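Only one structure is covered here, and it is reproduced in the block below.
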Amino acid sequence: MSESALMWINNRILLRRFSIKGRLVTKSPLRVGSGRGKQYLGSTVDLAVIKYESTGTPYIPGNSLKGVFRSTGERIANTRGIKVCSGLSKQTCPDTKKVEGIPLLKWLDNKRREIRSKPEKYQEGYREILRVVFDNTCINCKLFGAPSISGKLFFYDSEPEKYTLGVRTGIAISRSTGAVARGALFQVEYVEPGSIFYFRLDGMNLPNYAIGYIAEIIGELNSGRVRVGGLKSRGFGLVEIILEELKIDTYDGSMELRPLDNFDKLVNVAPGVYHKEQIPEILKKFIEAWRGVRIEYPLEASGY
Ligand SMILES: [Zn+2]
């Protein structure tokens, strides 16, 4: 792996910024719960949707969207023969990949401690960490993060522009797990179809193929094959993300988007701000870079 290829995973170097803004429209009832047994003051339903404590307005947490993007990405990557971990607790690349006979997570702990105690070895040790992380993590751990590894994507909480809440009674749901259960009936709150939330996703140092990957994930979400939140089996959770502004900044003075690692391709798009009607054409170029990519990480030798 060349030196420059390690730069995009280095959080200390800013190569480019990517920001996408738009609106998320609910196409069916949407239920993003507030977690186990969480009740809001004055709430009359058993299972409320998540809301801001201060205002009582519902929102979609950035972390929920991140989870949906990651699991959708996993399916897309798998169909392209690109290996990714499940991202589930204790099953991420740092948990499962072995480096020098120990899990990457432990190896990183050891290495970071070692270079802190030996300042003269810091630069060299830091480069080794970057190389080992690059070689031993999948694209999802690189982009979405994993224990001991910060991701490159930042999902904002989606706040509503306009919404209506609905309540369904008679759905039997376990209060403790949120799963559909036999027995007691509960009132379940949800956001009605046609509600609109603001959407924003930022990315740092994304290679061109990773931008294409994100674009494909958004396309998959909009296709109706992916559902968000709870009660998916009852037809809840269809959403559409309408992209309204795409902003790409680079810090190398380049007027096109150069490859950021050995697998990446140059994309002939100038840094700048693109508006709604321009975005599909721009993203198409990144999707081409993604579809042509042959990613060689994580290394086979340290298999899952
Ligand atoms: Zn992974």
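The values are calculated or read from the model by the stated rules, or taken from the named source; none is laboratory data. Remember, it's a predicted structure, so these values are computed and weren't measured experimentally. Cβ atoms come from the backbone with ideal geometry, glycine included; neighbour counts cover every protein chain shown.
Just one of VAL68, VAL32, VAL45 is aliphatic (A, V, I, L, M) and at pLDDT 95 or above; which is it? Only one candidate passes the filter, namely VAL68.
Scanning region 78-105 for residues that are among the hydrophobic types (A, V, I, L, M, F, W, C), surrounded by 15 or more Cβ atoms within 10 Å (Cβ to Cβ) and under 30 Å from SER34 (Cα atoms) yields VAL84, CYS85, CYS93. Cβ-Cβ distances below 9 Å connect the following pairs, each with a first residue in region 263-284 that is within 17 Å of GLY22 (Cα to Cα), a second residue that is part of a loop (DSSP other than H, G, I, E, B) and not charged (D, E, K, R), and a separation of six or more residues or different chains: ILE282/VAL269.
Of all residues in region 39-49, one or more are surrounded by fewer than 21 Cβ atoms within 10 Å (Cβ to Cβ), in contact with a Lys or Arg (Cβ under 8 Å, 6 or more places away or on another chain) and part of a loop (DSSP other than H, G, I, E, B).
Scanning region 96-108 finds one or more residues that are of a type in the set (D, E, K, R) and either farther than 22 Å from ILE9 by Cβ or touching a Pro at 6+ places or on another chain (Cβ under 8 Å) (or both). Of everything in region 237-255, what is assigned to a loop (DSSP other than H, G, I, E, B) and either at pLDDT 95 or above or at positive phi (or both)? Give them in sequence order. Of everything in region 237-255, those that are assigned to a loop (DSSP other than H, G, I, E, B) and either at pLDDT 95 or above or at positive phi (or both) turn out to be GLY237, LEU238, GLY253.
Looking at region 134-147, can you tell me whether even one residue there is of a type in the set (Lys, Arg) and surrounded by fewer than 14 Cβ atoms within 10 Å (Cβ to Cβ)? No, region 134-147 contains no residue that is of a type in the set (Lys, Arg) and surrounded by fewer than 14 Cβ atoms within 10 Å (Cβ to Cβ).
Among the candidates CYS141, CYS85, which residue alone is assigned to a helix (DSSP H, G or I), within 12 Å of the ligand (Cβ to nearest atom) and among the hydrophobic types (A, V, I, L, M, F, W, C)? The unique qualifying residue is CYS141. For region 284-291, the count of residues that are under 20 Å from the mean Cα position of the chain (by Cα), under 25 Å from ASP135 (Cβ atoms), among the small types (Gly, Ala, Ser) and not in a strand (DSSP E or B) is nonzero. Yes or no: GLU220 part of a helix (DSSP H, G or I), out of contact with any strand residue (DSSP E or B) (no Cβ under 6 Å at 6 or more places or on another chain) and under 15 Å from LEU65 (Cα atoms)? In short, yes. For region 88-135, taking the residues that are more than 14 Å from ILE149 (Cα to Cα), in a helix (DSSP H, G or I) and of a type in the set (D, E, K, R), the one that is farthest from the ligand (Cβ to nearest atom) is identified as GLU120.
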